[in-house]
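Engineer: If you scroll down you'll find the structure; I have some questions about it.
The values are calculated or read from the model by the stated rules, or taken from the named source; none is laboratory data. Please read all numbers here as calculations on a predicted model, not as lab measurements. Please note: Cβ atoms are built from the backbone with ideal geometry, for glycine as well, and neighbour counts cover all protein chains shown. Please note that ligands, DNA and RNA were not included when accessible areas were found on the heavy atoms of the full protein model with its side chains. Shrake-Rupley method; radii C 1.70, N 1.55, O 1.52, S 1.80 Å.
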Amino acid sequence: MMTAENIQKDIATYIEKALFLLSSKADPQKFEKIIQQNINDKRESSTSTIDFYDRLMLNMAYFVENKMAWTDLVRATFTAGELPTVSYIENELMVHQMQIRNSVAEKMDDYTKAFHQQYEALKVEDADVIYDYAYASVEHGLRVDFLTLICANKATLLAQGDIDETLKTMDGYIAYFTDQIVNKMTLS
């Protein structure tokens, strides 16, 4: 008979292996090229350094809100004891992304006001904002790919454990593998 502790250990092992597989297949140079192009586009369309930072930071706000929606989706679906289908996940994430785009646009003035205080207080430089943007971008992609993979593989084990522990484990490994990918990039 499996104990709750053994189930959580098996879940952690599964998460680690699945994220290792996803991240080992990731091409850091491809990510770097895409992210660098996004950075260049934002820099070229900006009217100032602050405007450039704001554009990157608003994208990061979008990623943060997506992470919260992703967490809510995992909590709601996994707690039911079954994993949703890939098409359900894709549809739900699409709906959330559209809502989040609108939400970020509506809060843009409040966000930028808070950003400007951070820039000054923290003496932010290009490299700081660019790294954070790249990290948030890769983390977002890895998080979505991971959820798609486990639903496609019907990894029902992940719906059997303590959801809070499972989410902590997911977040920890996603952060670890995101860091591995981003630290292989050279962005400017």
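Engineer: Among (1) out of contact with any Phe, Trp or Tyr (no Cβ under 6 Å at 6 or more places or on another chain); (2) open to solvent by 40 Å² or more (accessible area, probe 1.4 Å), there is one condition Y62 misses while meeting the rest; what is its number?
Structural biologist: All conditions are met except number (2).
Engineer: Considering only residues of segment 114-161 that are among the hydrophobic types (A, V, I, L, M, F, W, C) and under 18 Å from S188 (Cα atoms), which is surrounded by the fewest Cβ atoms within 10 Å (Cβ to Cβ)?
Structural biologist: That would be A127.
Engineer: Inside segment 151-168, can you point out the residues that are touching a residue at least 24 places away in the same chain (Cβ under 8 Å) and either under 11 Å from V74 (Cα atoms) or under 14 Å from the mean Cα position of the chain (by Cα) (or both)?
Structural biologist: C151, L158, A159, I163, T166, L167
Engineer: For the condition touching a Cys at 6+ places or on another chain (Cβ under 7 Å), within 27 Å of D164 (Cα to Cα), in contact (Cβ under 8 Å) with a residue 60 or more places away in the chain and of a type in the set (S, T, N, Q), what is the one hit in T79, T85?
Structural biologist: Step by step, each of T79, T85 is checked, and only T85 is touching a Cys at 6+ places or on another chain (Cβ under 7 Å), within 27 Å of D164 (Cα to Cα), in contact (Cβ under 8 Å) with a residue 60 or more places away in the chain and of a type in the set (S, T, N, Q).
Engineer: Can you name every residue in segment 22-44 that is modelled with pLDDT of 95 or more and open to solvent by 60 Å² or more (accessible area, probe 1.4 Å)?
Structural biologist: Those that are modelled with pLDDT of 95 or more and open to solvent by 60 Å² or more (accessible area, probe 1.4 Å): K33, I34, Q37, D41, R43, E44.
Engineer: Condition first: part of a helix (DSSP H, G or I), over 16 Å from L58 (Cβ atoms) and acidic (D, E). Now tell me which residues in segment 99-127 satisfy that.
Structural biologist: E120, D126, listed by residue number.
Engineer: Which number in (1) open to solvent by 70 Å² or more (accessible area, probe 1.4 Å); (2) free of Cβ contacts under 8 Å to residues at least 24 places away in the same chain marks the one condition that A105 misses?
Structural biologist: Checking A105 against (1) open to solvent by 70 Å² or more (accessible area, probe 1.4 Å); (2) free of Cβ contacts under 8 Å to residues at least 24 places away in the same chain, the one that fails is (1).
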